[in-house]
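Please treat every number below as a calculation from the coordinates, not as lab data. Only a predicted model underlies this, so the values are computations on that prediction, with no experimental measurement involved. When we count neighbours, we look across all protein chains shown, and the Cβ atoms used for this are built from the backbone with ideal geometry, even at glycine.
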Amino acid sequence: MDRGLPIKGSTGVRHRFHSICPYFAMFPEAFVEKHLSVTSHKGFVFDPFCGRGTTVFQALLQSRKAAGCDVNPVAACISGAKCDPPGLHDIRVRLTELQKAFTEPDDGDWGGALGEFFEHCFHPETLLQVRYLRCVLDHKHRKDDRFIAALCLGSLHGESHKSPNYFSNRMPRTISTKPEYSVQWWWREDCVAPRRNVFEILERMLAYRFQTHPPEKTGCVAEADARDATTAFPELKGCVTDVITSPPYLDTTNYHEDQWLRLWFLGGAPIVQYSGHDDRHTSKINYWKFLQECWEGIGPLLADQARLVVRIGSRRLGKAEIKNELLRSLLSGLGREVRLADPGVTSDIANTQANSFRGTKGTPFTEHDFCFAV
Ligand SMILES: C[S@@+](CC[C@H](N)C(=O)[O-])C[C@H]1O[C@@H](n2cnc3c(N)ncnc32)[C@H](O)[C@@H]1O
């Protein structure tokens, strides 16, 4: 059997699972690698806002036990697929079975009428395949389907004029743009949805992702609110020695808006409600209260001695304010002695690809990293 490339470590090849699907506001695996290489702890590594699973997956690569949660179903699907994948053979068998079932005559319309956006976003034949997979993949209960769904999420939209591996008309790969805006933009730029064979793309991406072996250890990812982390992981009480995380940032749009197309693929509605902002993430007072509740939620999971690395980005909060409020929220939320273990690192973040698609140039974010000892 061709076992592909080894996992990163012996050769320095980046593990192919890391980038299975782009994710907004993710941190690089080097950030996790660096922090895990300096800790002397050996217990569980945990990320209560795990996003695309960078912390959990990198910890597994470094032979640590790891788990995480995220409220976003897209994050839970991607992270779960990476951190507890089925074997390559099993996924291939399932993909063949799905493809066979699709090519057999079927009069299903795979989920009713969709709006104008979908007609322009996907070629009609591609859309039929996408809709079929959306209906049949049981990503919540089957590991093979979850892995295939994660591959679909990674290819659902992106720069299809540059790569044959995206299903959609030209879009950013990180976020789903607003439907009306997208239709106008495609019309103005004369962009037509390419005819793509979803099954061929999935086979190609599957082979690529398994060029590096999955790590020997598997991790557990739950679709859960950080405030309910202890309920989601009762077996981890007192076992977590390292938290490496990045909570949602103040003043960022919520994930429903940013990822509405991927959420649709996972069974959500084919429309997006732009409801304004989540108050917890626009009011400073509510933001810190929210974080305090999240620390309360993970508190019982922490071992007697633990290390917490927190990255927070903002356009509006200064370093001193973040440091003080973070420490205060940790002290109140955990109800234990917490001390700052290093003075914190600050870096500027360049404008994102999403901003350039929208034609806006936002003020760059500044990110601050703090390490605490509990
Ligand atoms: C800055 S991102 C973290 C990205 C992650 N570090 C990565 O590399 O992909 C913040 C994450 O928090 C999640 N989130 C927001 N509110 C949450 C909550 N109440 N509980 C758990 N996760 C939440 C968002 O869905 C998002 O994935």
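Data table
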| read-out | value |
| --- | --- |
| Nonlocal amide H pairs with Cys50, under 5 Å, H built at 1.01 Å | Cys69, Asp70 |
| Positive-end extreme of charge dipole, the chain - chosen from Thr241, Val221, Leu202 (charges on Cβ) | Thr241 |
| Rg to Rh quotient for the chain, alpha carbon positions, Kirkwood Rh | 0.97 |
| Mean Cβ count within 10 Å, highest first, over the residues of peptides 203-212, 240-249 | 240-249, 203-212 |
| For Ala66, residues with placed amide H under 5 Å, excluding near neighbours | Val45, Cys220 |
| Cross-link table Lys237/Lys319; Lys34/Lys237; Lys289/Lys323; Lys143/Lys217, entries beyond 21 Å C-alpha to C-alpha | Lys237/Lys319; Lys34/Lys237 |
| Tilt relative to the chain, helix 143-155 - C-alpha long axis, 0 to 90 degrees, to 10 | 80 degrees |
| Rounded to 10°, Cα long-axis angle of helix 179-188 versus longest principal axis of the chain | 60 degrees |
| Peptides ranked, highest mean first, by Cβ atoms within 10 Å: ranges 254-264, 58-68 | 58-68, 254-264 |
| Per-residue [θ]222 nm for the chain (sum of -39500 (n - 2.57) over DSSP H runs n ≥ 4, rounded to 500) | -12000 deg cm²/dmol |
| Percent of beta bridges antiparallel (DSSP, the chain, rounded to nearest 5) | 45 percent |
| Between 0 and 90°, nearest 10: helix 124-136 axis offset from the chain longest Cα axis | 50 degrees |
